[in-house]
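The values are calculated or read from the model by the stated rules, or taken from the named source; none is laboratory data. The model shown is predicted, which means the values in this text are computed figures rather than measured ones. Every residue, glycine among them, receives a Cβ derived from its backbone with ideal geometry; neighbour counts consider all protein chains shown.
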Amino acid sequence: MNNEQDDRFEKRLRFVARCYKEGSLDEDKAWERFAARQGIRRPVVFRRYWMAAAASVMLLLIGVGTFYLKERNNPEWVSVVTASGQLKDVYLPDSTLVSMAGNSTLRYDVKKYGKERRVVEMTGKAFFQVKRNEARPFSVYTAMTEVTVLGTSFQINEQPGMTEVDVVTGKVRFAGGKMAEPVILTAGMSASYSSEKEEIDILKEENPNNLSWKTKQLRFNDTPLEKVIRDLNEYYRVEIVNKVDSPGSRLTATFNDLPLDEVLMVINQTLDIRLVPRKDK
């Protein structure tokens, strides 16, 4: 059955069950109509059998209907999980594209997705390119926050105690916790929610490497060395230490999908420093 037939069937089942439970089903009138159509002249005997059969059918209908409604309302989850370092593109039923970073999960109820709303749940990091549909808003739930859009592209980065949202195109509504006021973010804006502070902060400093895991590009423009090291640690999933004291060092460079040893060689030669990965990592 399609969705329209399902809805009609569900309404009929609910009506029958309600009438039966409330006692509003007129058994005598139902028998009289049945007997007249069938030409039955011995109503007492046949009525007894007819009512027993009708009661059995009614109980069967209610039982089947209850099972049907329960099964229809039970969620049918579709889940996607990525391993460490794995990147995966996932198309949702409405053609929305989700690009998942490593150590991330995504799930949605395939029975309900797209009927009134489009809802997914996630952990980790993912970039969403949402198919526009004004009649059915798209929402992403993390452990602490909710992001709702109509059609846009944005990234969600969920970490323990913190969720960050970066909007590339369009507009999103970002809500977190019970105390924080929701905010509207437009293209180029970023915000983070902290469970410790229970508030949403608009991030004023743009980070060109927020999507480096997806673009395979690292960009630095007069960037302090401390920030360079943090971005390298996150991108390469290592811990880098500086063996040389270099206060005030800044880097301007772009790296396109290069291995870590080549990137460190360029930085060390450019800034006359010595960045190395920790050996126990």
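Quick check: anything in region 167-183 assigned by TED's automatic domain parsing to the domain that holds LEU92, in contact with a Leu (Cβ under 9 Å, 6 or more places away or on another chain), farther than 18 Å from ILE200 by Cβ and part of a loop (DSSP other than H, G, I, E, B)?
First, the residues of region 167-183 that are assigned by TED's automatic domain parsing to the domain that holds LEU92: 167-183.
Still in the running and in contact with a Leu (Cβ under 9 Å, 6 or more places away or on another chain): 167-168, 170-174.
Still in the running and farther than 18 Å from ILE200 by Cβ: 168, 170.
With the extra rule that they be part of a loop (DSSP other than H, G, I, E, B), the set shrinks to 170.
For region 167-183, residues assigned by TED's automatic domain parsing to the domain that holds LEU92, in contact with a Leu (Cβ under 9 Å, 6 or more places away or on another chain), farther than 18 Å from ILE200 by Cβ and part of a loop (DSSP other than H, G, I, E, B): present.
Of all helices (runs of 4 or more DSSP H) completely enclosed by region 189-281, which ones contain at least 2 residues that are among the acidic types (Asp, Glu)?
The helices (runs of 4 or more DSSP H) meeting that bar are 225-236, 260-271.
Could you look through region 81-126, keep only residues that are among the hydrophobic types (A, V, I, L, M, F, W, C) and under 11 Å from the mean Cα position of the chain (by Cα), and pick out the one that is surrounded by the most Cβ atoms within 10 Å (Cβ to Cβ)?
Here the residue is ALA126.
What are the residue pairs meeting all of these: first residue in region 257-281, first residue over 19 Å from TRP213 (Cα atoms) and without any contact (Cβ under 8 Å) to a residue 24 or more places away in the chain, second residue surrounded by fewer than 16 Cβ atoms within 10 Å (Cβ to Cβ) and basic (Lys, Arg), Cβ atoms under 8 Å, and 6 or more apart or on different chains?
Close Cβ pairs satisfying both conditions: ASN268/ARG274.
Could you go through region 194-209 and let me know if any residue there is more than 30 Å from LEU150 (Cβ to Cβ) and either out of contact with any helix residue (DSSP H, G or I) (no Cβ under 9 Å at 6 or more places or on another chain) or loosely packed, with under 13 Cβ neighbours inside 10 Å (or both). Full working, then the answer.
Here is the first cut: in region 194-209, the ones more than 30 Å from LEU150 (Cβ to Cβ) are 196.
If we keep only those that are either out of contact with any helix residue (DSSP H, G or I) (no Cβ under 9 Å at 6 or more places or on another chain) or loosely packed, with under 13 Cβ neighbours inside 10 Å (or both) too, we end up with 196.
Checking region 194-209: at least one residue is more than 30 Å from LEU150 (Cβ to Cβ) and either out of contact with any helix residue (DSSP H, G or I) (no Cβ under 9 Å at 6 or more places or on another chain) or loosely packed, with under 13 Cβ neighbours inside 10 Å (or both).
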